[in-house]
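Written out below as structure tokens is the structure these notes cover.
Nothing in this text is a laboratory measurement; each read-out follows from the coordinates by a stated rule. Note that the structure is predicted; figures quoted are calculated from it, not measured. Note: ideal-geometry Cβ built from the backbone for every residue, glycine included; neighbour counts use all protein chains shown.
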Ligand SMILES: [Cu+2]
């Protein structure tokens, strides 16, 4: 009786465990709902492993169930020995060797070199955000932050670097993880095959705000990608609205330009994210906040409270009117 109960408990636990990945596949940041070639290969490996695990598990439970029957015939020593050698040594060796060979074989397509004319984007890990550099069509690059827009069905090579500690670049729907190591450039090949928005995260603990280091990837059609890049390439427009204009002055007067660049203005700092088009960004502070003016004002006054250890000082000592004006200015930087 007790054995039957044990089998029932084990079975229901397994059903719950095996349904977890199926539920997870529906979440926005899932390896199991791939949108790129790398992620597809990895998801394929996962499903075969999960299926195989289920099968082996059923086999083991079947044997356990058989073993607790009272009417079974005793086994001879030779039969038992053969059973242990095959089941305990030969079978696991075969299964693990197959998985190893398969895993190594997967590495080649994941590490392939894209053509020389492929899009190459540099992504640099910072505490706690992503500095992104796109080629601008000439020999120069434009600098953006915390989001990547990619044309669908085209291979893209990411050149990954870090300025401080080890970070790890991971957009589960598109490809596997790749460490960003100070002093080195690592590569990651992305080949998105479906349009949409995909969330990514830093996958290597990098400090107090590691959890607030997310990024958005937008996979779009080629034309939409080009329109976006052209808009990002343009310098910032001088605002026409009086409040935003006051904000532009306050931005320079309060020294924000020592850390931030706004192309087309005197602000040319290199410490923090480029803010030329910050109002049009999908998120603020690396996937943490929205880009409306209220949130911007809150961020400017209390950045390190919102994001512990963020390398941006709090400006709560400034008059509220100046903060509101700067927030209006930044929101208008579309
Ligand atoms: Cu990180």
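Taking the Cα atoms only, what angle lies between the long axis of helix 242-253 and the longest principal axis of the chain, rounded to 10 degrees?
Taking Cα atoms only, the helix is inclined about 80 degrees.
Sort 181-190, 47-56 for me by packing, meaning the mean count of neighbouring Cβ atoms within 10 Å per residue, highest on top.
Values: 181-190: 15.7, 47-56: 12.6.
Sorting 181-190, 47-56 by mean packing, highest first, produces 181-190, 47-56.
Can you show me the helix-derived [θ] at 222 nm for the chain, built from DSSP H runs with n ≥ 4 at -39,500 (n - 2.57) apiece and divided by the number of residues, rounded to the nearest 500. Walk me through the numbers on the way to the answer.
On the way: 8 runs with 135 residues, N = 334.
Value at 222 nm, helices only, nearest 500: -13500 deg cm²/dmol.
Can you pull the semi-axes for the chain, root of five times each eigenvalue of the Cα gyration tensor, sorted largest first, whole Å?
Semi-axes from the Cα gyration tensor: 52, 23, 16 Å.
If you look at just the Cα atoms of the stretch 43-134, how large are its Rg and its Dmax in Å?
Taking only Cα atoms of the stretch 43-134, I get Rg and Dmax of 23.8, 72 Å.
Of all DSSP beta bridges located in the chain, what percent are antiparallel, nearest 5?
Values: 29 of 42 bridges.
Restricted to the chain, the bridges split so that about 70 percent are antiparallel.
Angle check, please: helix 2-24 long axis (alpha carbons) against the longest principal axis of the chain (alpha carbons), in degrees 0 to 90, nearest 10.
Its long axis makes an angle of about 30 degrees.
For the chain, modelled as a Gaussian network with Cα springs under 10 Å, which listed residue fluctuates most, 280, 76, 162?
Fluctuation is largest for 76.
Give me the percent relative contact order of the stretch 119-233, please, defined on Cα pairs under 8 angstrom at least 6 residues apart.
On the way: 282 pairs, mean separation 32.6, N = 115.
The value is 28 percent.
In the stretch 119-233, what % of DSSP beta bridges are antiparallel (nearest 5)?
Numbers: 26 of 39 bridges.
Just about 65 percent of them are antiparallel.
Would you mind estimating how fast the stretch 113-178 diffuses translationally, via Stokes-Einstein at 20 °C and 1.002 mPa s with the Kirkwood radius over Cα pairs, in µm²/s? Please list the in-between numbers first.
Numbers: Rh = 12.8 Å.
Answer, rounded: 167 µm²/s.
Note down the relative contact order for the stretch 293-334 as a percent, whole number, built from C-alpha pairs under 8 angstrom at least six residues apart. All intermediate terms of the calculation are to be shown ahead of the outcome.
On the way: 39 pairs, mean separation 19.9, N = 42.
About 47 percent, as a whole number.
Which semi-axis lengths, in whole Å and largest first, follow from the square roots of five times the eigenvalues of the Cα gyration tensor of the stretch 119-233? Working shown, then result.
On the way: eigenvalues 100, 48, 31 Å².
Each semi-axis is √(5λ); the values are 22, 16, 13 Å.
Using the 10 angstrom Cβ neighbour count as an exposure proxy, how do 11, 259 rank, fewest first? Could the numbers behind the result be given before it?
On the way: 11 13, 259 16.
Placing the least packed residue first, the sequence is 11, 259.
Just rank 134, 66, fewest to most, by other beta-carbon atoms within 10 angstrom. Walk me through the intermediate numbers first.
Working: 134 20, 66 9.
Least to most surrounded, the residues fall as 66, 134.
How do 77, 195, 13, 261 rank when sorted from fewest to most other Cβ atoms within 10 Å of their own Cβ? Don't skip to the answer; put the middle values down first.
Numbers: 77 7, 195 15, 13 10, 261 19.
Fewest-to-most Cβ neighbours within 10 Å comes out as 77, 13, 195, 261.
Which percent, to the nearest 5, of DSSP beta bridges fully inside the stretch 112-180 are antiparallel? Can you show the working numbers first?
Numbers: 13 of 20 bridges.
Within the stretch 112-180, antiparallel bridges account for around 65 percent of the total.
Take every Cα pair under 8 Å in the chain that's 6+ residues apart, average their separations, divide by the length, and report that relative contact order as a whole percent. Don't skip to the end; give the middle numbers.
Details: 585 pairs, mean separation 49.9, N = 334.
Averaging sequence separation for qualifying contacts and normalising by length gives 15 percent for the chain.
Go ahead and set up a Gaussian network model of the chain, Cα springs under 10 Å, then flag whichever of 218, 131, 311 fluctuates most.
The residue that fluctuates most here is 311.
What's the angle, to the nearest 10 degrees (0 to 90), between helix 222-233's Cα axis and the longest principal axis of the chain?
For helix 222-233, the angle is close to 40 degrees.
Where the centre of each part is set by its Cα atoms, how far does the stretch 36-113 sit from the stretch 264-334, in angstrom?
So the separation of the two Cα centres works out to 53 Å.
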